[in-house]
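Below is one structure, written out as structure tokens; the observations come after it.
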Amino acid sequence: MSAAPAGEPGQLLQRLVALQAQRGWLPPAALEALAVEMALPLAELRGVAGFYRFLHLAPVGRLRLLFSDHVSDRHQGAPALMARLCARLGVAPGQVRADGALSIDRCSCIGLADQGPSLLVNHGQVITRLDAARIDALAQAIEAGLPPAAWPAEWQQVDEPVRRADVLLGAADAPGAALAAALAQPGSALIEALASARLLGRGGAGYPVADKWRACAAQPVTERVVVCNADEGEPGTFKDRTLLRLQPDALIEGMTLAAWALGARHGLIYLRGEYRWLLPGLQQVLARRRAAGLLGAAIAGRPGFDFDIAIHLGAGAYVCGEESALLESLEGRRGVPRIRPPYPSSHGWRGLPTVVNNVETFCCVAQIALRGAARWAAIGTARATGTKIHSVSGDCARPGLYEYPLGTPVARILADCGAVDAQAVQVGGPSGHCVPARDFGRRIAQEDLPSAGAFTVFGPGRDLFEVARHAADFFAHESCGFCTPCRVGTTLMARRFDKIAAGSGSRHDLDALRSLTELLGSSSHCGLGASAGRMLHDTLRHHRPAYEQRLQSLQFVPGFDLDAELSQARALTGRHDAGAHLATRETDVTRKHEVMPEPDAPTNPQPQPQRIAP
Ligand SMILES: Cc1cc2nc3c(=O)[nH]c(=O)nc-3n(C[C@H](O)[C@H](O)[C@H](O)COP(=O)(O)O)c2cc1C
Ligand code: SF4
């Protein structure tokens, strides 16, 4: 995978990934041998392995199936399909079957929301478009002992439905064309072209690319690094998958252009573990470009222009998409976001000045180098220039990839993808925004609605409380645990959702949820915690009835059965009269479907004290 020596400490994660692929899990003896070989403490190996979802310190099934758990997978029946497969194969969800042959579980979105429900086989193969018939056929193949490599090819078919192409998804340019255009001028000219094109990063934060590259180029050292963030962990996003498959030359050309502009010799692609099935294709493209003189030594015949790229695999941790966590992971450690400053542009991979950019951003760079900054700047809005690719999924007739100029209204995308009567759209995944129907005139651009690329449509029948609850579960699971507000806050949020879902919610719980979003937004160390409450915030604001119809009371309602908890006290005191039970007054009676006051309106009635009898 990587060009670095295998015994080198920075290769630890890659060695563990390889061991896991070989053995199916990480047996203690194999870990001990690896620790000796790499001269690292065993505890470090265990600590790193324990962080990543795809690495297992205990045996898992020899065949491991993970159902993608994007919200659209759920809406298309993934939970029932998983239950069906578990029943057919006699295994409980999340458990290893008694014979050790298989385990079936869920994982977060695997980047196939446009052709789900889908699942991941042994972290390296996918099955798309699951339905009851496919599940039954799969169960049969497994029971017959057919190995995954021999399963029908159509099960593994991944289409790239490009529904609307513009400059990025149009016909691929000849490999080397953008490079030839840029090499006519010094590297600094390319940075200036990116500045006048006003290119913003496409990974979510929308930071000006030229500023990042300038800061990196200004560092007084000779070695710099170019990193491509191909982690694409935001649920519902799959545009990088398409670019990696349809436009890999544009991506690698963009990285090579960065190397030219910065004088970098070393490039790294961080490929999410869920996309391991893309690895062979990408390795082939790298090899082809090396053979064509477009990578390696003296690129395009220029003595001294030496640059090559290695691919590192992630192992199932969403937070590793955050650029400093990604660098930690690239250095073989747990993906915990770094304290910043210093920023990667001065202290990145192994302390070297590093630019980290998204897959789509590098493709934009290649376009600007080839076609010029003016053409790019003429597309889009004043602040957000060029085009943006949207990964459209959910309740629409034509899910897939849609590339539009930035500034395109949500309504236009909905019309094009055949979404009828949508009640809301999640723009930018769970960490983005949930846009209600009355705001469909809003435009996707930095000035209005920024987006990392996901566009998930919710039709009239969808329960937006469950959508927000799903997001809360996701963040609670993915929090790296480094800082308390996020570690505790995301879990408290998820459990509070559970309480409301279980029918024990009150107005008090909604207030508590609102306070949690404020806490997360204001005191989290990285963007994961900061955005963890966004779905809750937006749905509570725009779809409040979805919460209210579940509330039991305006009063405080405990998350457990208080009366039952008092049964022991009743037994001890020998009381069996009605007064020994919690009183049920009129104000405590279930008030389901009652319209609650808006958050800022005066609360009425005031909570009544409850009489608790022993
Ligand atoms: C929790 C979290 C996850 C992220 N995941 C990704 C990701 O999967 N891909 C990505 O390009 N950027 C992701 N980012 C943004 C990166 O930190 C960073 O801003 C980006 O890679 C910079 O590239 P760009 O300037 O080209 O957008 C994530 C940020 C956070 C806080
Ligand atoms: S905000 Fe969450 S994910 Fe980010 S560093 Fe803190 S605990 Fe980790």
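The values are calculated or read from the model by the stated rules, or taken from the named source; none is laboratory data. This structure is a prediction, so every number in the text was calculated from the model and none was measured. Virtual Cβ from ideal backbone geometry, glycine too; neighbours counted across all protein chains shown. The protein model used for the area step is the full one, side chains on, heavy atoms only, and it has no ligands, DNA or RNA in it. Shrake-Rupley method; radii C 1.70, N 1.55, O 1.52, S 1.80 Å.
Of note:
- The set of residues from segment 494-552 being closer than 19 Å to residue 433 by Cβ, part of a helix (DSSP H, G or I) and within 16 Å of ligand 1 (Cβ to nearest atom) comprises 520, 521, 522, 527, 528, 529, 530, 531, 534, 535.
- Hits in segment 337-384 (condition: within 26 Å of the chain's Cα centre (by Cα), open to solvent by 60 Å² or more (accessible area, probe 1.4 Å) and free of Cβ contacts under 8 Å to residues at least 24 places away in the same chain): 340, 341, 342, 347
- Selection within segment 428-456 - within 17 Å of the chain's Cα centre (by Cα) and either assigned to a loop (DSSP other than H, G, I, E, B) or more than 12 Å from residue 539 (Cα to Cα) (or both): 428, 429, 430, 431, 432, 450, 451, 452, 453, 454, 455, 456
- For residue 315, the criteria (1) touching a helix residue (DSSP H, G or I) at 6+ places or on another chain (Cβ under 6 Å); (2) under 19 Å from residue 267 (Cα atoms); (3) not β-branched (Val, Ile, Thr) hold in every case but one, which is (2).
- Filtering segment 149-188 to residues that are of a type in the set (Asp, Glu) and free of Cβ contacts under 8 Å to residues at least 12 places away in the same chain leaves only 154.
- Looking only at segment 315-338, and only at residues there that are under 20 Å from residue 124 (Cα atoms) and assigned to a loop (DSSP other than H, G, I, E, B), the one that is nearest to ligand 1 (Cβ to nearest atom): 317
- For residue 270, the requirement of being touching a His at 6+ places or on another chain (Cβ under 6 Å) and not in a loop (DSSP other than H, G, I, E, B) is met.
- Flag for residue 239 being basic (Lys, Arg), open to solvent by less than 10 Å² (accessible area, probe 1.4 Å) and on the phi < 0 side of the Ramachandran plot: yes
- Among the numbered conditions (1) touching an Asp or Glu at 6+ places or on another chain (Cβ under 7 Å); (2) open to solvent by 20 Å² or more (accessible area, probe 1.4 Å); (3) over 23 Å from residue 264 (Cα atoms), the only one that residue 400 does not meet is (2).
- Matching residues, segment 200-210, being more than 6 Å from ligand 1 (Cβ to nearest atom) and either free of Cβ contacts under 8 Å to residues at least 24 places away in the same chain or out of contact with any strand residue (DSSP E or B) (no Cβ under 8 Å at 6 or more places or on another chain) (or both): 208, 210
- Exactly one residue among 205, 178 is away from ligand 2 (no atom under 16 Å from the Cβ) and among the aliphatic types (A, V, I, L, M), and that residue is 178.
- Evaluation of residue 229 against (1) without any contact (Cβ under 8 Å) to a residue 12 or more places away in the chain; (2) buried (at least 19 other Cβ atoms within 10 Å of the Cβ); (3) polar (S, T, N, Q) (one fails), failing number: (1)
- Residue count for segment 527-541 under the criterion of being open to solvent by 20 Å² or more (accessible area, probe 1.4 Å) and within 16 Å of ligand 2 (Cβ to nearest atom): the result is 3.
- Pair list, Cβ < 8 Å and 6+ apart or interchain, from segment 462-473 residues that are modelled with pLDDT of 95 or more to residues that are open to solvent by less than 50 Å² (accessible area, probe 1.4 Å) and of a type in the set (S, T, N, Q): 462/423; 464/423; 464/539; 465/539; 467/426; 467/539; 468/539; 472/490
- Residues in segment 297-322 that are open to solvent by 20 Å² or more (accessible area, probe 1.4 Å) and in contact (Cβ under 8 Å) with a residue 12 or more places away in the chain: 300, 302, 306, 308, 318, 321, 322.
- Residues (at pLDDT 75 or above and either in contact with a helix residue (DSSP H, G or I) (Cβ under 6 Å, 6 or more places away or on another chain) or within 16 Å of ligand 2 (Cβ to nearest atom) (or both)) located in segment 547-579: 547, 550, 570
- The residues on offer are 213, 155, and the sole one that is in contact with a strand residue (DSSP E or B) (Cβ under 8 Å, 6 or more places away or on another chain), at pLDDT 95 or above, of a type in the set (Phe, Trp, Tyr) and open to solvent by less than 10 Å² (accessible area, probe 1.4 Å) is 213.
- The lone criterion from (1) closer than 23 Å to residue 468 by Cα; (2) open to solvent by 50 Å² or more (accessible area, probe 1.4 Å); (3) among the basic types (Lys, Arg); (4) modelled with pLDDT of 75 or more left unmet by residue 544 is number (2).
- Residue list for segment 321-379, restricted to those being over 30 Å from residue 405 (Cβ atoms), of a type in the set (S, T, N, Q) and touching a Lys or Arg at 6+ places or on another chain (Cβ under 9 Å): 324, 354
- Among residues of segment 345-356 being more than 9 Å from ligand 1 (Cβ to nearest atom) and either in a loop (DSSP other than H, G, I, E, B) or among the β-branched types (Val, Ile, Thr) (or both), the one that is nearest to residue 251 (Cα to Cα) is 354.
- Segment 118-148 - residue that is without any contact (Cβ under 8 Å) to a residue 40 or more places away in the chain and of a type in the set (Gly, Ala, Ser) and, of those, least open to solvent (accessible area, probe 1.4 Å): 141
- Residue check for residue 234: of a type outside the set (Val, Ile, Thr), more than 11 Å from ligand 1 (Cβ to nearest atom), open to solvent by 10 Å² or more (accessible area, probe 1.4 Å) and not in a helix (DSSP H, G or I): no
- In segment 480-496, the residues that are within 7 Å of ligand 2 (Cβ to nearest atom) form Cβ pairs under 7 Å with partners that are assigned to a loop (DSSP other than H, G, I, E, B) and among the β-branched types (Val, Ile, Thr), at six or more places apart or across chains, as follows: 480/336; 482/336.
- Meets criteria (surrounded by fewer than 18 Cβ atoms within 10 Å (Cβ to Cβ) and more than 30 Å from residue 284 (Cβ to Cβ)) for residue 23: no
- Condition met for residue 325 (away from ligand 2 (no atom under 16 Å from the Cβ), crowded, with 18+ Cβ neighbours inside 10 Å and not charged (D, E, K, R)): no
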